[in-house]
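Throughout, read-outs are computed from the coordinates displayed, never taken from laboratory work. None of these values were measured; they are calculated from a predicted model. Cβ placement follows ideal geometry from the backbone for every residue including glycine, while neighbour counts extend to all protein chains displayed.
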Amino acid sequence: MSKSAETLAQHFTAPELLLHALIIELEAVQSYKDLAEQMRECGNKDVAELFEKMSVLEAEHAAKIREEAKDVELPELAPWEYRWSGLEPPENIDLAGVHYLMTPHQALTLALENEVSAMAFFDAVAHDTADDKVRSFAQEFAADERQHVAWMKDWLAKYPPPDDDWDYDPDPPAAID
Amino acid sequence: MSAVAPCKLKASDYKSGTKPVWCPGCGDYHVLASVTKAVAALQLAPENIAVISGIGCSSRLPAYLNSYGFHGVHGRALPLATGLKVARPDLTVICASGDGDGFSIGGNHLLHACRRNIDITYIVMDNEIYGMTKGQPSPTTAPDWDTDLAPGGTGVSPFHPLVIALASGANFVARAFSGDVKGTTRTLAEAISHPGFSFVQILSPCVTFRPDQRDWKTKVHPPPVEFTTDAAQAARRVMTDDGFNIGVLYKGSRDKYNQSVEREVNFECDFDGEFLV
Amino acid sequence: MTDRPAHSFSVALLGKGGTGVVTAGDMLLAAAARCGLYGLMIRAVGPQIRGGESAALVRLSTSPVDCLDDRFDVLLGIDWKHAERILGDISVDADSIVVTDPAEDEVPHSISATGAEIRNLEMAGLAESVTGGRVNMVALGYVGCLAGISEAAISHAIEKNIAVKGRAAVAASVAAAKLGAASATSSVPTLAVRKEAGDRWMISGNHATGLGAIRGGVRFAAAYPITPATEILEWLAPRLKDAGGALTQAEDELASVNMAIGASFGGVPSLTATSGPGLSLMIEGLGLAVCAEIPLVVVNVMRVGPSTGIPTKPEQSDFNAAVYGLHGDAPHIVVAPTSVSDCVFTTQWAVHLAEATQAPVIVLSDQFIGQANVVADPIPAIAFFAKRKLAENVAADFERHAITADGISPMPLPGTRGGQYTGDGLEHSAGAKPSGSIGDHNVQLDKRARKIANFDYGQHWADIEGDGELAIVSWGSTASVVREALQRLPDDLAAKLKLISMRLLLPARQDEMAAALDGVKRLIVIEQNHTGQLYRFLRAWYDLPADVDTLHRPGPDVFRPGEVATKLAQWCRQ
């Protein structure tokens, strides 16, 4: 939680970086899928569709990384051995920002934050590594994320920011148990 | 080449696919993810895991996992889990509930489960509120938290779960934060692997009744020191705990509860002789 | 109508704490057993834990007995301190012998006023004359002689009981008993003891309950002590372990019922035992077992209620709680043993029923049966085991609560691949998913009701004796009293009577009862509670003859055969 990306990045080998890149995308795929499902259950169709789109995007990115890694023997790490700063993988949505009435603008703002933090992660690795291969991969992945950042900004521009009473629900929560 | 060997179980293999009833943004989603990752890391067969719960939002967890489960009555998850583990020591038994179910109505059972040191893992998803019944104070709610049932706050000092668990004899005491999936996963994997009663309090924000808990992610921090195997030392540390130390506090070596039913039961036993005059 | 049966001899030994009347009573019973007699003993106590007045009420007989007689042939008081507090249980008359120590207080007026023969026996003096001699041994020797029990049997019983105290103690007690016997002259009918007697068992209802549980296949018990059920659990603790099982002491009854449910969910036949206040705490757990379809046996050794009541005395007043106590529509099974010996079969049957129907079964024993020690014929083992319908080869479309013809769904045990499900107190679909739909609720309610209602209970639902057009329905320990009462009636009256001792109280068996009441014109229900609980239930759930009476009264005093015979005779002649 307190280690900087820089300190962590110095120790990546190329296979490790590939593994982390792949895991980041796979976790993002699942995270967006889960959120899309939750939004569907709550009847928030617009945001559900957005999260589904994001999930597809991340899946494409994952497929690309898998292709790049196909001749590489990737290490097997336990889930707690992944080395990223922060509590979550860089591209996972912060649950604290999720709300059943969230608007597309808010969803995309969170997604944009994800892409920015993923980009920063790869930028840091590229900047700090001494290994050419690692740098090359990191720059490539950073560029991919940069592209995603651009797309998010475009999409975001299409939606208005939320009203002040965006989270107003006239009905109280239901106690089901 | 995939990072995961084809025959290995993945975390997603432990999900039942049933859609959770939880509010989007609920910390329990992350707890569910951490549980699946932890058991996947341990490669436990889903059919050999039993997840036992009480009543409350957190207690809905068993249905979302692809293991055996039992959704019991309010506060009684630990006795259910204890009976099951004594009868079936071969199973991995995980007990899950919330701060209301676990510390209020279930409080007495917590004391005795720790005393017994029954070999199960108890996860309490603590959001310092009664979420399911719409926002009443729980034993871990601050005394000045205003609610309909206790306007202005209860004025009652909160319960300290780690202190109680340690004092009652739990063999493994830890705190986790739902937003820290990585750390929670590791703590759960260690808890499940550690013999005896493993107690893990997981701070898990309630998005609906405790929006103030959004800032928990900035408050949590690793403890200044690693876990200890000395109960007295753990007791001293936990008395100055700020409530946001995330990590394992204590790993003990007390013998686990020793009663269990044998796999092959003896139907030939005959006690008639003692009644014969 | 109150003929003193020649085959029966009742003696009450009374004394303050420390005098050892209960030990003497135990030895008297054991000695009688050795002579080939049958018997029954209960303990009556005052309110003190130690030191208070105590009585051993012993009935010996040449045929099996399951209840106390109306009166005592002999009342021996080592002293009469606070005796009035327990004399309510002890009735003497002009034909009785009252033995008193002239060195102690006088016989209470309520006793001497009956006209009983008062005999002096210097128990304290005789005991003191033997080094290490005790008054209760003098008393034992005296009453043993009156009962016609051989000194050899008495000595053997003494030796067996206190061998741990060493040879000197045994010798002193035997000597004291001999002195007591030497002072006795018999003037009550002694029992004609059979020479070729056959084996005898000495057993209490609580121990018999434990035995039935183990025979039925119980291998897990959860235990929280409560008077008068604790002996069941203490008997089971080491023996379950010997049988490969386990007993766990729980922190309260809420824990014990849930532990038993958890163990049963895992596949092990499970049980807990309690009394009325504990049953109240367990009611929620029983409902959980109903909804989640988990086999469970809960033994309730009934005591006087409501609330804390009179913990050391019997009553049959938890019928309503056992039958109606669960919230919601919650079909389950309630059975009740009719005697100490019947505890073995009925508990074993309860285990079988619970496992077969995947439902909770409440066994209503009572304090009289539970804590009475009887000398009875050996109780043979029968092959009546727990048999749960299991799901072993689980198909992809498996449903835990599948609708089947008999209402019982195959149950997968944890560890069975593919059978994973979450047991739930929430209403659910056949596939064990929580459901709030009327369809699922109706379907599951029907299934849970059907599996209990349609189960084949065979002949065990009741013991039916006699074939008259006047029927008596009773249950539990009262049924044994009624049975003996019928034996005391003249033949012409007895021939008119039919006794239905119900063992299965819930579910109601309309067809079986209709067959039993075929030709019956009048019915009387006899039970020990204040409101006639079984009587009301029968009226609600069964077709009964137009003429139905009830004879009920609450504890703590149990019905006696003579008084019931008198009342039945009156009722017959109405």
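Relative contact order, percent, of chain B when contacts are C-alpha pairs under 8 Å separated by at least 6 residues?
On the way: 577 pairs, mean separation 50.0, N = 277.
Reported relative contact order: 18 percent.
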request  = Convert each backbone phi in the range A:11-17 into a coupling constant with the Karplus relation 6.51 cos²θ - 1.76 cosθ + 1.60 (shift: θ = phi - 60°), then list the ³J(HN,Hα) values in order as whole Hz, x for Gly and Pro.
outcome  = 9, 6, 8, 4, x, 5, 5
ask   = Which angle between 0 and 90 degrees, to the nearest 10, do you get for helix A:45-68 versus the longest principal axis of chain A when only C-alpha atoms count?
value = 10
note = Rounded to the nearest whole number, the per residue volume of the convex hull around the C-alpha atoms of the protein assembly as shown in Å³ is 197
query = Which percent, to the nearest 5, of DSSP beta bridges fully inside the range C:203-376 are antiparallel?
reply = 10
message = Suppose a student asked you for the relative contact order of the range C:459-573, using Cα pairs under 8 Å spaced at least 6 residues apart; what percent would you report?
response = 33
key: Loop-located GluC sites (Glu not before Pro) in the range A:55-126 whose Cβ has at most 14 other Cβ within 10 Å (DSSP)   = A:E73, A:E76
message = Nothing charged except the Cβ atoms of Lys and Arg (+1) and of Asp and Glu (-1): what's the magnitude of the dipole of the protein assembly as shown about its Cα centre? Round to the nearest 20 debye.
response = 2600
ask   = GNM on chain B, C-alpha springs below 10 Å: top fluctuator among B:A231, B:A63, B:A150?
value = B:A150
inquiry  = Suppose a student asked you for the relative contact order of the range B:1-60, using Cα pairs under 8 Å spaced at least 6 residues apart; what percent would you report?
reply    = 40
message = Under 5 Å between amide hydrogens, which residues at least 5 positions from B:I118 or on another chain qualify, with H placed 1.01 Å from N in the peptide plane?
response = B:F197, B:Y257
ask   = Where is the GNM fluctuation largest for chain B (alpha-carbon springs, 10 angstrom cutoff): B:L166, B:L149, B:L91?
value = B:L149
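How high is the FRET efficiency between C:H7 and C:A94 when r is their beta carbon distance and R₀ equals 25 Å, given to the nearest 0.05? Could the numbers behind the result be given before it?
Working: r = 21 Å, r/R0 = 0.85.
Step by step, r from the Cβ atoms, then E = 0.75.
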note = Listed by chain and number, the lysines with an alpha carbon less than 18 angstrom from that of B:K10, same-chain partners under 8 positions apart left out, are A:K33, B:K37, B:K182
request  = Compute the projected area of the convex hull of the Cα atoms of the range C:203-376, averaged over all viewing directions, and report it in nm² to one decimal place.
outcome  = 8.4
request  = Could you state the angle between the C-alpha long axis of helix B:181-193 and the longest principal axis of the C-alpha atoms of chain B, as a value from 0 to 90 degrees rounded to the nearest 10?
outcome  = 20
message = So if I restrict to the alpha-carbon atoms in chain A, what is the Rg, and what is Dmax, the biggest pairwise distance, in Å?
response = 17.7, 58
ask   = Given the pairs B:K219/B:K251; A:K153/B:K219; B:K217/B:K256, which span a C-alpha to C-alpha distance of over 27 angstrom in this model?
value = A:K153/B:K219; B:K217/B:K256
task = Under a cut-off of 19 Å between alpha-carbon atoms, report the aspartates and glutamates in cross-link reach of A:K64, not counting same-chain residues fewer than 8 places apart.
result = A:E16, A:E25, A:E27, A:E52, A:E73, A:E91, A:E115, A:D123, A:E140, A:D144, A:E145
inquiry  = For the range A:8-93, report the % of Cα-Cα distances exceeding 14 Å.
reply    = 66
note = In degrees, nearest 10, the alpha-carbon axis of helix B:77-87 is tilted away from the dominant principal axis of the alpha carbons of chain B by 20
remark   = Distance in nm between B:D270 and A:E60 label points, each 7 Å along Cα→Cβ, equals 7.9
DSSP bridge orientation in the range C:8-182 - percent antiparallel, rounded to nearest 5 = 55
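Counting only DSSP beta bridges with both residues in the protein assembly as shown, what percent are antiparallel, rounded to the nearest 5?
Numbers: 39 of 122 bridges.
That works out to approximately 30 percent antiparallel.
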request  = Scan chain C and hand back the longest stretch that contains none of the trypsin sites (Lys or Arg not before Pro) lying in DSSP loops with at most 15 other Cβ atoms within 10 Å.
outcome  = C:196-386
message = I need the helices of chain C that pass two filters: whole DSSP H segments spanning 15 Å or more by Cα along the axis, and mean Kyte-Doolittle score no lower than 0.5.
response = C:21-34, C:135-147, C:167-182, C:253-265, C:276-292
task = With r as the distance between the Cβ atoms of C:Y324 and C:I464 and R0 = 30 Å, compute the FRET efficiency 1/(1 + (r/R0)^6) and round to 0.05.
result = 0.70
query = Using modelled backbone amide H atoms (1.01 Å from N, in-plane), which distant-in-sequence or interchain residues come within less than 5 Å of B:H160's amide H?
reply = none
message = Between C:A383 and B:D146, how high is the FRET efficiency from 1/(1 + (r/R0)^6) when r is the Cβ-Cβ distance and R₀ = 56 Å? Nearest 0.05.
response = 0.30
ask   = Which residues' amide hydrogens lie under 5 Å from the amide hydrogen of C:V334, considering only partners 5 or more residues apart or on another chain, with H built in the peptide plane?
value = C:I362, C:L505, C:L506
